[in-house]
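This report concerns only the one structure given below.
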Amino acid sequence: NQMNTWVKVDEYISERLIPYDSVLEQVLSANQQAGLPPYDVTPSQGKLLNLLAQMKGAKRILEIGTLGGYSTIWLARALPSDGQLVTLELDPVHAQVAQANISLAQLSGIVELRVGEALDQLAQMESEGVEPFDFILIDADKPNNPNYLKWALHLSYPGTVIIGDNVIREGEVINENSQDPRVKGVRTFYDLLADEPKITATAIQTVGSKGYDGFVLGIVNS
Ligand code: SAM
């Protein structure tokens, strides 16, 4: 069946284009052992994030939604040694596992993990006078996507890349009667993107080992 083919092709891509990486393997098994939900990006998506951050020449990355730090590590590896990645996580257990994984990947020096409600952390960062980010990944609780987009725009400058994950939801995104708060959040996210003159965006549908989903990719306008 179809899903089976997507998984096999994803494996084929990974086997050819993503060299075996013992750190990333250890990270995934640490996440599993700690009972974290398997919501990390796939290896091919992690590498895509890494490549996009490199294409942007990103020095400052913001990630909303750390989980076990799998995507964090892919992204942080795109940074120069004087770069910085700030990642936000609500769940203290996820954060603890992520911190250990980031340290295993020897990235503690450039990754700052902030624990708490992302919206609170973002407000606190603003009051601390945080510098704008070059690259922002929105991948936390989907009902808050509209709020995260507003913050992302606030902490950006013309040219900042903004990515939002899980915006297709097996196609449920087109169900205007959906009562699923995640679908509703994602639909409001699209509405904001459509009305927001500060950003130019598109969305890409994806299939693979995590099923049928997709991401929004945008750039802040000058
Ligand atoms: N980016 C991760 C990766 O690919 O490895 C996956 C992130 S997972 C989809 C979403 C994460 O957001 C979870 O760890 C969850 O605990 C966290 N989260 C949920 N609500 C949050 C909130 N209000 N503030 C901060 N983090 C939140």
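Below, the figures for the structure above:
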quantity: Residue within the range 165-174 that is among the β-branched types (Val, Ile, Thr), surrounded by fewer than 17 Cβ atoms within 10 Å (Cβ to Cβ) and over 17 Å from the mean Cα position of the chain (by Cα) present; calculated: yes
quantity: Residue in the range 176-188 that is surrounded by 16 or more Cβ atoms within 10 Å (Cβ to Cβ), of a type outside the set (D, E, K, R), within 16 Å of the ligand (Cβ to nearest atom) and under 25 Å from Thr72 (Cβ atoms) present; calculated: yes
quantity: Selection from the range 55-73 of residues that are within 26 Å of Val7 (Cα to Cα) and either free of Cβ contacts under 8 Å to residues at least 12 places away in the same chain or polar (S, T, N, Q) (or both); calculated: Thr66, Ser71, Thr72
quantity: Flag if Gln2 is surrounded by fewer than 13 Cβ atoms within 10 Å (Cβ to Cβ), over 25 Å from Asp141 (Cα atoms) and not β-branched (Val, Ile, Thr); calculated: yes
quantity: Test for Gly68: is it in a helix (DSSP H, G or I), within 14 Å of the ligand (Cβ to nearest atom) and in contact with a helix residue (DSSP H, G or I) (Cβ under 8 Å, 6 or more places away or on another chain); calculated: no
quantity: Any hit, the range 138-156, residues being among the small types (Gly, Ala, Ser), buried (at least 19 other Cβ atoms within 10 Å of the Cβ) and part of a helix (DSSP H, G or I); calculated: yes
quantity: Test: residue in the range 110-129 that is of a type in the set (A, V, I, L, M), in contact (Cβ under 8 Å) with a residue 40 or more places away in the chain and near the ligand (Cβ under 9 Å from one of its atoms); calculated: yes
quantity: Looking only at the range 88-97, and only at residues there that are under 25 Å from Ser156 (Cβ atoms) and within 8 Å of the ligand (Cβ to nearest atom), the one that is surrounded by the most Cβ atoms within 10 Å (Cβ to Cβ); calculated: Glu89
quantity: Tally of residues being among the hydrophobic types (A, V, I, L, M, F, W, C), crowded, with 18+ Cβ neighbours inside 10 Å and more than 7 Å from the ligand (Cβ to nearest atom) across the range 55-65; calculated: 3
quantity: Top-ranked residue of the range 48-67 - restricted to ones that are under 21 Å from Pro158 (Cβ atoms) and small (Gly, Ala, Ser), ranked as farthest from the chain's Cα centre (by Cα); calculated: Gly57
quantity: Hey, Leu52 assigned to a helix (DSSP H, G or I), touching a residue at least 40 places away in the same chain (Cβ under 8 Å) and away from the ligand (no atom under 12 Å from the Cβ) or not; calculated: yes
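Let's see how each residue does on (1) within 12 Å of the ligand (Cβ to nearest atom); (2) under 12 Å from the mean Cα position of the chain (by Cα); (3) not in a helix (DSSP H, G or I):
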site: Pro19; (1), (2), (3): no, no, yes
site: Val27; (1), (2), (3): yes, no, no
site: Asp40; (1), (2), (3): yes, yes, yes
site: Gly46; (1), (2), (3): yes, yes, no
site: Thr72; (1), (2), (3): yes, yes, no
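Read the figures in this text as sums done on the coordinates, not as results from a lab. Everything numeric in this text was worked out from a predicted model, so none of it was measured. Cβ sites come from the backbone with ideal geometry, for glycine too, and all protein chains shown count toward neighbours.
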